[in-house]
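A single structure is presented below for examination.
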Amino acid sequence: MNTHGASSAEAQALLGSAFDMAQAVRSGALRATDLVQASLARVAATDGAINAFTDLTTEQALADAARIDAALAAGEPSVRELPLLGVPFAVKNLFDVAGLTTLAGAKIEREQPPKARDALLVQRLKAAGAVLVGALNMDEYAYGFTTENSHEGPCHNPHDTTRIAGGSSGGSAAAVAAGQVPVSLGSDTNGSIRVPASLCGVFGLKPTFGRLPRSGTYPFVSSLDHLGPFARSTRDLALTYDALQTPVGTAQVDPEADAALDPGWARRAPEPTSASLRLGSAGLRIATLGGYFEQHASAEARTAVAHVARALGVQTSVELPLVEAGRAAAFLISNATGGALHLDDLRRRAQDFEPLSRDRFIAGALLPAAWVERAQRVRLRYARAVAEVLMHHDVLLAPATPCSATAIGQEHFELGGQRLLVRPSMGLLTQPISCIGLPVCAVPVWLPGAALPIGVQVIAAPWREDLVLRVAAELERLGAVHAPVAA
Amino acid sequence: MSPTGLSTEALAAYADASAAVLGLPIAPEHRPGVLQYLALAARLAEAVHAVDVSAHDESAMVFRPVSPEHPAPEAVAAPLWHQSGANT
């Protein structure tokens, strides 16, 4: 029996991989209902300390699991082969979930009616056999890197509950690190998948901008918003990502039609990655990112990159041209777009906003248009300059966060003699990469003797998610990165 | 306009004027925070303005027309590495 009273086979299975859970359900060793009940029991036992969940979908989850079990009992072969058969998952509460109000972390949104149907990516995971158990805590309107949500209470880091989980997809990373679910979904505009993955010690994938349709999710910055998965292994991450790419629906019912309304969606055909995980890193041209990415990293963050580089035999370092300007461009575009998006509510009811980000939203609404227009032009110039670097390098390595998890409530941290605000600055190292839409896998590093994990970004050229997942899988195979369930 | 050298007073005056134009009241208790973040944005705007762009440096924002028959944007062609099966 472990510390949360889990002694049963399903409770033990829940702490393992999604791949093995699906196999167990497929073989009849476990029922989908067993796994869903184990997930709900673990949430009940642990979430008082973590606060990852803001809603549970207990009744629907048990009904969905029962339907899977009945289909298996009836011998339906199409169900048996589903890749995420019976796997419990949860989503950041900016994804629409049928029957729930989409909160996007905001008190203001509580007044909205429940949604009639699930976001497209939720539908895709359900079609792959996964079972949704609930919605997860986040920074209000995704504008923050700490998930210290004043309306719902802060999300606590499962590895040290006095510390932040990171954000804005803090609940998504914490739920996976705490063993409540094996996989989850989040969003990343400036680092909101990679920052909490780094601080909670799990794997997180931010695909290329435009890869996954965003229909049925609450927006923040349309030209920067990405969606993606979290998991405790690269195999589970790839399995989930591949399912997220797979269209669903029939000739009669086509939920995919909504995807076409997402102006950022690139409408690419699925490019599955699971089969490429075993290819290793041999032959790939890999380099660490120096300059800005070293200057804005603590000693532990730099050591984490060195640890990963050593495991891969990487000795080359390169710098990204225009990176400071690129990061600045992402900040200004986000600040202005977010402020403008919420201008009506900021006028009418500023007091109802999250106190920790309200002033930033108001400032964003005031930015001169010329600054933002200039930022969009500099962004394209920067993207072209980085593309030249990527002509000579397949994969780039950089820290995911400047430091490991800070204390809940902490306002500042020190970096290179500078005193920086935690909430807007924890994304200093992720922001320049999402600004130009590159795919990234955040991999969790536990340095010798460290009490907390810290992540490294594995970055590739647009549309090469296969490469970042390959290198992440190789690092896992080498024992350089891993994502244990928090004790 | 380059924001270089903006004083605290100039930023505060800008905040008050632009908030009035937008019809966005700023409560006294929110004002210090707003000015702090506006100053941060102004510093970052300096980094953006430090890049020399010409009239031919286009925006990263691209509009795609919407036709009545196909209300969705046109598909983006797959790159060569995908067509040749290089994704293995």
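The values are calculated or read from the model by the stated rules, or taken from the named source; none is laboratory data. Since the structure is predicted, the reported quantities are computational estimates derived from the model, not experimental observations. FYI the Cβ positions are ideal-geometry reconstructions off the backbone, even for glycines, and counts take in every protein chain you see.
For the range A:213-332, list the helices (runs of 4 or more DSSP H) that sit wholly inside it and hold at least 1 residues that are more than 14 Å from every other protein chain (Cβ to nearest Cβ) and aliphatic (A, V, I, L, M); which are they?
Values: elements: A:234-245, A:292-295, A:299-312.
By residue number, A:234-245, A:299-312.
If you check A:Val122, A:Val133, which single one turns out to be among the aliphatic types (A, V, I, L, M) and in a helix (DSSP H, G or I)?
On the way: A:Val133 fails: in a helix (DSSP H, G or I).
Checking each option against the conditions leaves just A:Val122.
Is it the case, given these coordinates, that A:Gly153 is buried (at least 24 other Cβ atoms within 10 Å of the Cβ) and either over 22 Å from A:Ala243 (Cα atoms) or at pLDDT 95 or above (or both)? Don't jump to the end; show me each part of the working.
On the way: buried (at least 24 other Cβ atoms within 10 Å of the Cβ): no; either over 22 Å from A:Ala243 (Cα atoms) or at pLDDT 95 or above (or both): yes.
No.
The rows are residues; the columns are (1) within 19 Å of A:Phe209 (Cβ to Cβ); (2) more than 8 Å from chain B (Cβ to nearest Cβ); (3) over 25 Å from the mean Cα position of the chain (by Cα); (4) modelled with pLDDT of 95 or more.
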site: A:Leu356; (1), (2), (3), (4): no, yes, no, no
site: A:Asp359; (1), (2), (3), (4): no, no, yes, yes
site: A:Val372; (1), (2), (3), (4): yes, yes, yes, yes
site: A:Ala375; (1), (2), (3), (4): yes, no, yes, yes
site: A:Arg384; (1), (2), (3), (4): yes, yes, yes, yes
site: A:Leu390; (1), (2), (3), (4): yes, yes, no, yes
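Follow-up. Can you tell me which of B:Ala45, B:Ala27, B:Ala19 is of a type in the set (Gly, Ala, Ser), at the interface with chain A (Cβ under 8 Å from one of its Cβ atoms) and outside any helix (DSSP H, G or I)?
Details: B:Ala45 fails: outside any helix (DSSP H, G or I); B:Ala19 fails: outside any helix (DSSP H, G or I).
Every option except B:Ala27 fails the conditions.
Filter the range B:1-16 down to residues that are touching a residue at least 24 places away in the same chain (Cβ under 8 Å), outside any helix (DSSP H, G or I) and either over 24 Å from A:Arg419 (Cα atoms) or more than 8 Å from chain A (Cβ to nearest Cβ) (or both), then give me how many there are. Reasoning before the result, please.
Going through the range B:1-16, the residues touching a residue at least 24 places away in the same chain (Cβ under 8 Å) turn out to be B:2-4, B:6, B:8, B:11, B:14.
Checking the rest, the ones that are also outside any helix (DSSP H, G or I) come to B:2-4, B:6.
The next check asks that each one be either over 24 Å from A:Arg419 (Cα atoms) or more than 8 Å from chain A (Cβ to nearest Cβ) (or both); those that pass are B:2, B:4, B:6.
Of the residues in the range B:1-16, 3 are touching a residue at least 24 places away in the same chain (Cβ under 8 Å), outside any helix (DSSP H, G or I) and either over 24 Å from A:Arg419 (Cα atoms) or more than 8 Å from chain A (Cβ to nearest Cβ) (or both).
Pick out the one residue from A:Val43, A:Val25 that is touching a Lys or Arg at 6+ places or on another chain (Cβ under 9 Å), under 22 Å from A:Lys126 (Cβ atoms) and either modelled with pLDDT of 95 or more or not in a loop (DSSP other than H, G, I, E, B) (or both). Quick ask: steps written out before the conclusion?
On the way: A:Val43 fails: touching a Lys or Arg at 6+ places or on another chain (Cβ under 9 Å).
Matching residue, one of A:Val43, A:Val25: A:Val25.
Residue check: is A:Asp188 closer than 23 Å to A:Cys435 by Cβ and in contact (Cβ under 8 Å) with a residue 60 or more places away in the chain?
yes
Among the residues in the range A:355-363, are any of a type in the set (A, V, I, L, M), crowded, with 23+ Cβ neighbours inside 10 Å and touching a residue at least 40 places away in the same chain (Cβ under 8 Å)? Spell out how you get there, then give the answer.
Keep residues of the range A:355-363 that are of a type in the set (A, V, I, L, M), which gives A:356, A:362-363.
Next, only the ones that are crowded, with 23+ Cβ neighbours inside 10 Å stay: A:362-363.
Now drop any that are not touching a residue at least 40 places away in the same chain (Cβ under 8 Å), which leaves none.
No - not one qualifying residue is present in the range A:355-363.
Scan the range B:48-58 residue by residue and report those that are at the interface with another protein chain (Cβ under 8 Å from one of its Cβ atoms) and either over 19 Å from the mean Cα position of the chain (by Cα) or among the aliphatic types (A, V, I, L, M) (or both).
At the first step, the residues of the range B:48-58 found to be at the interface with another protein chain (Cβ under 8 Å from one of its Cβ atoms) are B:48-51, B:53, B:57-58.
B:Val48, B:Ala50, B:Val51, B:Val53, listed by residue number.
A follow-up question, please. Could you check the range A:73-111 and list, in sequence order, the residues that are assigned to a loop (DSSP other than H, G, I, E, B) and over 25 Å from the mean Cα position of the chain (by Cα)? First the steps, then the outcome.
Pass one, the range A:73-111, residues assigned to a loop (DSSP other than H, G, I, E, B): A:74-76, A:81-87, A:93-94, A:96-97, A:99-107.
Hits for the range A:73-111 are A:Ala74, A:Gly75, A:Glu76, A:Glu81.
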